[in-house]
Amino acid sequence: MRKLQLVAFLLLSLIVSSCSQEKAESKPNIVIINVDDMGWKDVGYMGSGYYETPNIDALSKLGKVFTNGYAASANCAPSRASLMTGKWTTRHNIYTVGSSERGKSKNRKLIPIKNTTVLAHTHITISEVLKEKGYTTIHAGKWHISKDPLRYGFDINIGGANNGHPRSYYPPYKNVTLEAGKKTQLTDAIMEKTIAHIATVKQPFFLNYAPYAVHTPIQPIKSLLTKYEHKKASNGQNNAGYATMIENLDTNIGLLIEALKTAGKLDNTLLVFTSDNGGLFGITNQHPLRAGKGSYYEGGIREPFFFVWKNKIKASTTSDIPITNMDLFPTLLEAAGINLTQHKLDGNSILPVLKEETNILERPLFWHFPIYLQAYKVKNNENRDPLFRTRPGSVVRVGDWKLHYYFENNELELYNLASDIGEKNNIAEQNKEKTAELLLLLKNWWKETNAPIPTQLNPEFKSTKEA
């Protein structure tokens, strides 16, 4: 009798173990590729005639491309904080890198809102949720929202800390803690270590691949430089050194995809490709989009964005539905079968859109920037004024309509992106009813999210004539 009971117990244990293993294997692996400072048109599949990205282009054809994909902010740290938490910048109050007092004080009419530089642990990250649900979690590359990603739900950290960019892409990297392997160039070295972990990591896993490339400093890949120096410029894109960094990153992404295939892990992987903000104007252009990184015109916030998931997302499809990187948190969790009700998120799951169960997602998108960000190029930029990439303000997009509001003088700009994607013609005065409608929406959102509004005048400010 005891022998029969023992046999029955062992059989039951095997069945339970088998079911648990099958359940774990059914969860998709999740890979986010979040490139640093790559603009909307810095890839071939989005229309660049100068940069060469064959691996990214091929990957985009395996899934669904979003032509209206956005970052939650126009610069690095706040965008990454919103991606990891699924929340508006007004929730975590990270608005920029370092101090909010950017640019000369005499040119700032208002005292900017104080910036937060470290993501508070009161916010739950996507990595923490996935780890709790049995995922092995890997961060590789730029982190930039605290000193250590291991304290935010990651099991493995490859080169991530609070630095925004490397001082050098070649060893010694100076401010990036990474022991170089066979490959020494930073983008190559990080991918080498990432692939080594992919080969051995248990499934399911979450990889947050956030390369430092293509952020400055622009340090060319010498073997590729001659090709681009002799290549014809296209649509304002002509920086040969930057082009070599893009191609090298593309090569590394190709190596990652091949490693996933070799390990037999690609077919059950949900992969996202995007960027944290627009390309840096003066190094690259996103025409017909206006301006670049740091600006809340389209060139600063619209990103390359696509999803791949074999047999779940139809290949070679496109959507013009506006989405944001805040949508990744709820989308990826729903794809992993994780209940979302306990998480108060500002992003929306777009899984029904990805699976083509619907082609509608109606909601406003907001951006809030209650501080200053100085211009890099005073004499040659597409910003609102020559001194700042942006002054304190907020933006809302609803459908094709986009409203900019600036706190210094309560100024308004209204654009219809369907007819004016370059935001060249401010039609706020001609469309007062639509302007008022969007402004009311914006003001209600300020109240709902307790958005900090700069109102205190700067005693050091000098008027244009005085300056």
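The values are calculated or read from the model by the stated rules, or taken from the named source; none is laboratory data. Note that this is a predicted model, so its numbers are computed, not measured. Don't worry about glycine lacking a Cβ; one is built from the backbone with ideal geometry, like all the others, and counts go over all protein chains shown.
Tallying residues that are under 22 Å from Ile126 (Cα atoms), among the aliphatic types (A, V, I, L, M) and touching a Gly at 6+ places or on another chain (Cβ under 9 Å) within the stretch 151-189 yields 1.
Quick one: is Thr122 among the β-branched types (Val, Ile, Thr) and in contact with a Gly (Cβ under 6 Å, 6 or more places away or on another chain)? Outline the logic, then answer.
Working: among the β-branched types (Val, Ile, Thr): yes; in contact with a Gly (Cβ under 6 Å, 6 or more places away or on another chain): no.
Criteria not met by Thr122.
Just one of the listed residues (Glu408, Glu423) is closer than 18 Å to Glu298 by Cβ, in contact with a strand residue (DSSP E or B) (Cβ under 7 Å, 6 or more places away or on another chain) and at pLDDT 95 or above, and it is Glu423.
Do the conditions hold for Ile190, that is, is it modelled with pLDDT of 95 or more, over 14 Å from Asp250 (Cα atoms) and out of contact with any Cys (no Cβ under 7 Å at 6 or more places or on another chain)? Working first, answer last.
On the way: modelled with pLDDT of 95 or more: yes; over 14 Å from Asp250 (Cα atoms): no; out of contact with any Cys (no Cβ under 7 Å at 6 or more places or on another chain): yes.
It is false that Ile190 is modelled with pLDDT of 95 or more, over 14 Å from Asp250 (Cα atoms) and out of contact with any Cys (no Cβ under 7 Å at 6 or more places or on another chain).
Let's see how each residue does on (1) closer than 21 Å to Asp320 by Cα; (2) of a type outside the set (Gly, Ala, Ser); (3) assigned to a helix (DSSP H, G or I):
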{"residue": "Ser394", "(1), (2), (3)": "no, no, no"}
{"residue": "Arg397", "(1), (2), (3)": "yes, yes, no"}
{"residue": "Leu403", "(1), (2), (3)": "yes, yes, no"}
{"residue": "Glu408", "(1), (2), (3)": "no, yes, no"}
{"residue": "Leu414", "(1), (2), (3)": "yes, yes, no"}
{"residue": "Ala418", "(1), (2), (3)": "yes, no, no"}
{"residue": "Glu423", "(1), (2), (3)": "yes, yes, no"}
{"residue": "Gln430", "(1), (2), (3)": "no, yes, no"}
{"residue": "Ala436", "(1), (2), (3)": "no, no, yes"}
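Residues being among the hydroxyl-bearing types (Ser, Thr, Tyr), under 20 Å from Leu270 (Cα atoms) and crowded, with 23+ Cβ neighbours inside 10 Å: count how many of those fall in the stretch 26-62. Let's see the steps before the verdict.
Taking the stretch 26-62 as the starting set, the residues that turn out to be among the hydroxyl-bearing types (Ser, Thr, Tyr) are 26, 45, 48, 50-51, 53, 60.
If we keep only those that are under 20 Å from Leu270 (Cα atoms) as well, we get 26, 45, 60.
Still in the list and also crowded, with 23+ Cβ neighbours inside 10 Å: 60.
Residues flagged as among the hydroxyl-bearing types (Ser, Thr, Tyr), under 20 Å from Leu270 (Cα atoms) and crowded, with 23+ Cβ neighbours inside 10 Å within the stretch 26-62 amount to 1.
Pairs meeting the criteria (first residue in the stretch 296-312 and more than 22 Å from Glu382 (Cβ to Cβ) and among the polar types (S, T, N, Q), second residue outside any loop (DSSP other than H, G, I, E, B) and at pLDDT 95 or above, beta carbons under 9 Å, at least 6 apart or on different chains) are lacking.
Which of the residues spanning the stretch 72-99 are assigned to a loop (DSSP other than H, G, I, E, B) and either crowded, with 22+ Cβ neighbours inside 10 Å or in contact with a strand residue (DSSP E or B) (Cβ under 6 Å, 6 or more places away or on another chain) (or both)? Hits for the stretch 72-99 are Ala72, Ser73, Ala74, Asn75, Gly86, Lys87, Trp88, Ile94, Tyr95, Thr96. The number of residues in the stretch 370-387 that are touching a Gly at 6+ places or on another chain (Cβ under 6 Å), within 19 Å of Pro78 (Cβ to Cβ) and not hydroxyl-bearing (Ser, Thr, Tyr) comes to 2.
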